[in-house]
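In what follows, a structure is listed as structure tokens, so that the remarks can point back to it.
None of the figures in this text is laboratory data; all of them are computed from the coordinates on show. A quick note: this is a predicted structure, and the numbers were derived from the prediction, not measured. In this analysis, Cβ positions are derived from the backbone assuming ideal geometry, glycine residues included, and neighbour counts consider all displayed protein chains.
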Amino acid sequence: MKVATWNVNSVRARLPRVVEWLTKTYPDVLCLQETKVEDVSFPHEEFHNLGYQTTIYGQRTYNGVAIISRTPVTDVVRGFGDEDPEARYIVGTVNGIRVASAYIPNGKAVGTDKFVYKLDWLARWRRWLSAHARADEPLALCGDYNIAPDDRDVYDPEGWKDQVLCHPDERAALALIKDWGVQDVFRNHHTEAGLYSWWDYRQLGFPKNRGLRIDYLLCTKSLSDRCIGAHVDREARKGKEPSDHAPVVAEFKD
DNA sequence: ATGGTAGTTTGACTA
């Protein structure tokens, strides 16, 4: 079973590239972030034509998440059941695995209200996991975390030190999520520095490989033990009109 | 020094 996560930065703007990538890669599940479209305008048909089902939680202009899957998704939950209006979290069961597509807030800059919202969002997620998920079942938390877990995941650790995406408070909040019972399956297969999933559009970020690894899959032990490989598909970041993120793919034994 | 590129939307905000 192949599970992928990709922040596409608008599913409508990226549709030709997403269709091409699905045709080439043929994952069982693709979690999308930043779809940036209301549910009534989601391009369902283009996915259905490829044999995929669409399970979505969208909003206009900002945010929006989706689970694209070859088989039906059941027991779908959208958001944390609180008053937060931002569409950043959807979870459902696919092929016996609980799969979440999460778009963690960016946080803008340390010390801003958006950074406070980011830390609060992570705390609410941690509480949601305690109340509504089980660490002893197969679960994959897929998404754009907007957190580089450690300095191996950063092209210029000194320059990024204590900045948003790398701040110790964010990394501590991520560690609390992991402590609940999930692990970064990419790191189980690759320990070296310099492997990134996002590159800024500006100032030749991708050609210069000035990137961060902020997209990943955190999996419970029973699922991590089935993971036989994980990689970032850098090819999908190349060429004309790419997303600023590359897809991350993990493969699991049945 | 708060730049730069992209998407949505058509001015300003988010990333």
In this structure, does residue A:124 turn out to be within 19 Å of residue A:213 (Cβ to Cβ) and in a helix (DSSP H, G or I)? no
If we keep only residues of segment A:80-117 that are within 12 Å of DNA strand B (Cβ to nearest atom) and under 17 Å from the mean Cα position of the chain (by Cα), then the residue farthest from residue A:62 (Cα to Cα) is A:107
Restricting to segment A:67-89, count the residues that are surrounded by 11 or more Cβ atoms within 10 Å (Cβ to Cβ) and touching a Ser or Thr at 6+ places or on another chain (Cβ under 8 Å). 6
Taking segment A:100-128 and keeping residues buried (at least 20 other Cβ atoms within 10 Å of the Cβ) and either more than 14 Å from residue A:84 (Cα to Cα) or among the small types (Gly, Ala, Ser) (or both) leaves A:100, A:101, A:102, A:107
Residue ID - farthest from residue A:184 (Cα to Cα), chosen from residues in segment A:224-254 that are touching a residue at least 12 places away in the same chain (Cβ under 8 Å) and of a type in the set (Lys, Arg): A:238
Right, residue A:118: touching an Asp or Glu at 6+ places or on another chain (Cβ under 8 Å) and either not in a helix (DSSP H, G or I) or not hydrophobic (A, V, I, L, M, F, W, C) (or both) or not? yes
